[in-house]
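The values are calculated or read from the model by the stated rules, or taken from the named source; none is laboratory data. Treat the numbers as computed from the prediction; the structure is a model and nothing was measured. Note: ideal-geometry Cβ built from the backbone for every residue, glycine included; neighbour counts use all protein chains shown. We work out accessible area using only protein heavy atoms, side chains counted, and drop any ligands, DNA or RNA first. Shrake-Rupley method; radii C 1.70, N 1.55, O 1.52, S 1.80 Å.
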Amino acid sequence: MKIKVENIHLPDFQIREDIDEEHVEEIKESFEQDGQWNPIIVRPGGDDSYDVISGAHRLAAARELEWSEIEANVKDLNDADARGLA
């Protein structure tokens with residue numbers, strides 16, 4: 001399903017502390033050439049917001065490309081399960 005990029009946030013338990021800008025640039029190039037092949041994984045965060053579980057670099061690339069929406073799989077996960085999947 002497509003979700004508004006503005007409604008997706010990084011969770012407090014983010015596994016990677018920093019976003020690798022070089023990797024984001026590679027993803028941006030791929031998105032521009034081929035589109036998005038793999039959806040990110042998010043969980044509901046409340047008030048139409050979502051926490052990204054997997055795909056922080058893809059989300060960063062979509063933001064830099066000024067996409068309004070990104071393809072995402074929504075999983076109903078508790079904190080422990082979300083950390084394990086991340």
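Protein heavy-atom accessible surface, 1.4 Å probe, per residue over the chain: 66 Å².
In segment 1-58, taking the dipole from charged Cβ atoms about the Cα centre, the farthest positive-side position among HIS57, ILE27, ILE40 is held by ILE40. Among the protein heavy atoms of the chain, carbon and sulfur supply 39% of the accessible surface, probe 1.4 Å, non-protein parts ignored. Pairwise Cα distances in the chain exceed 23 Å in 16 percent of cases.
What percentage of all Cα-Cα pairs in segment 19-66 are separated by more than 19 Å?
Values: 297 of 1128 pairs.
Tail fraction, whole percent: 26.
Under a 5 Å amide H cut-off, with hydrogens placed 1.01 Å from N, ILE8 pairs with TYR50 among residues at least 5 apart or on other chains. Placing +1 on each Lys and Arg Cβ and -1 on each Asp and Glu Cβ, with no other charges, gives the chain a dipole about its Cα centre of roughly 400 debye.
For segment 22-29, putting each phi into the Karplus relation 6.51 cos²θ - 1.76 cosθ + 1.60 with θ = phi - 60° gives couplings of 5, 5, 4, 4, 5, 5, 4, 4 Hz, in residue order, rounded to whole numbers and with x for Gly and Pro.
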